[in-house]
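> Below are the structure tokens for one structure; questions will follow.
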Amino acid sequence: MANPLTLLLPVIPGTGLQTIIDTLTKINPQVEAALNSVGTVHYARFLLLDLSTPNLQPGAGSGPYVLGVVTEYDGDFNAYIQDFAAKLGTIFNELLALAVGGNAVIPVADHINEFIAYIQKNDASQHLPNTGLYQAYTYTVQQILANGSD
């Protein structure tokens, strides 16, 4: 059974859109390989919101921004976040450097418990009314891969 993660990272005020774009561009090549190595992630994406625009679309306003990390994963939250720290720690170091309060958990590898607490605090999927997730199937990522479906 999959579980949702909707990590919303408030970006440090004054951080420019181009800085965020440059960071995402820099880390994107590493993300797919790292997520494949985790082996429990169904879907993952980044989402940038601009709180200064009515429809939250970046580019038209000047921030403040919120960077979202949206995933669906198999298994236990703590195990998943520990896998994230182990496989994507350097990637999260880059993202957390942009986020309010993020510097307190950098480097992630040295602050696992603090990283877990930070994620829990900023994971909208763990806070009402955002706790639901529709799931069309109950297969794990590993079961799907074993059957040759992707």
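> Hey, any hits in region 53-75 for a residue that's in a strand (DSSP E or B), over 18 Å from L24 (Cα atoms) and touching a helix residue (DSSP H, G or I) at 6+ places or on another chain (Cβ under 8 Å)?
Checking region 53-75: at least one residue is in a strand (DSSP E or B), over 18 Å from L24 (Cα atoms) and touching a helix residue (DSSP H, G or I) at 6+ places or on another chain (Cβ under 8 Å).
> Which of the numbered conditions does N122 fail, given that it passes all the others? Conditions: (1) within 30 Å of Q18 (Cβ to Cβ); (2) without any contact (Cβ under 8 Å) to a residue 60 or more places away in the chain; (3) among the polar types (S, T, N, Q).
Failing condition for N122: (2).
> Can you pull out the residues in region 99-115 that are surrounded by 18 or more Cβ atoms within 10 Å (Cβ to Cβ) and closer than 13 Å to F77 by Cα?
Selection gives F115 alone.
> Picking from F92, F77, which residue would you name as being farther than 20 Å from I12 by Cβ and of a type outside the set (A, V, I, L, M)?
F77
> Then there is this: Just give me the residues in region 77-106 being of a type in the set (S, T, N, Q) and under 24 Å from G63 (Cα atoms), in sequence order.
Passing the criteria: N93, N103.
> Do the conditions hold for T40, that is, is it under 28 Å from Q135 (Cβ atoms) and in contact with a Phe, Trp or Tyr (Cβ under 6 Å, 6 or more places away or on another chain)?
Yes, satisfied.
> Within region 24-44, does at least one residue satisfy the condition of being over 30 Å from Q143 (Cβ atoms), over 13 Å from the mean Cα position of the chain (by Cα) and of a type in the set (S, T, N, Q)?
So far as region 24-44 goes, yes, one or more of its residues are over 30 Å from Q143 (Cβ atoms), over 13 Å from the mean Cα position of the chain (by Cα) and of a type in the set (S, T, N, Q).
> Hey, can you tell me all the residues within region 12-52 that are outside any helix (DSSP H, G or I) and closer than 19 Å to L88 by Cβ?
Once the filter is applied, which keeps residues that are outside any helix (DSSP H, G or I) and closer than 19 Å to L88 by Cβ, region 12-52 yields G39, T40, V41, H42, Y43, A44, R45, F46, L47, L48.
> Can you confirm whether region 75-88 contains a residue that is farther than 20 Å from P4 by Cα and crowded, with 18+ Cβ neighbours inside 10 Å?
No: zero hits.
> Looking only at region 47-61, which residues are touching a strand residue (DSSP E or B) at 6+ places or on another chain (Cβ under 8 Å), surrounded by 13 or more Cβ atoms within 10 Å (Cβ to Cβ) and free of Cβ contacts under 8 Å to residues at least 12 places away in the same chain?
Once the filter is applied, which keeps residues that are touching a strand residue (DSSP E or B) at 6+ places or on another chain (Cβ under 8 Å), surrounded by 13 or more Cβ atoms within 10 Å (Cβ to Cβ) and free of Cβ contacts under 8 Å to residues at least 12 places away in the same chain, region 47-61 yields L56, G61.
> Oh, and also: Within region 128-140, is even one residue closer than 19 Å to V31 by Cα and of a type in the set (V, I, T)?
Checking region 128-140: not a single residue is closer than 19 Å to V31 by Cα and of a type in the set (V, I, T).
> Assuming E94 fulfils every condition listed in (1) within 18 Å of Y118 (Cβ to Cβ); (2) surrounded by 20 or more Cβ atoms within 10 Å (Cβ to Cβ) apart from one, which condition is it?
Just one mismatch for E94, condition (2).
Since every read-out is calculated from the coordinates, none of them should be taken as a lab result. Quick caveat: nothing in here was measured; it's all calculated off a predicted structure. Glycine also receives a Cβ, built like all others from the backbone with ideal geometry; neighbour counts cover every protein chain displayed.
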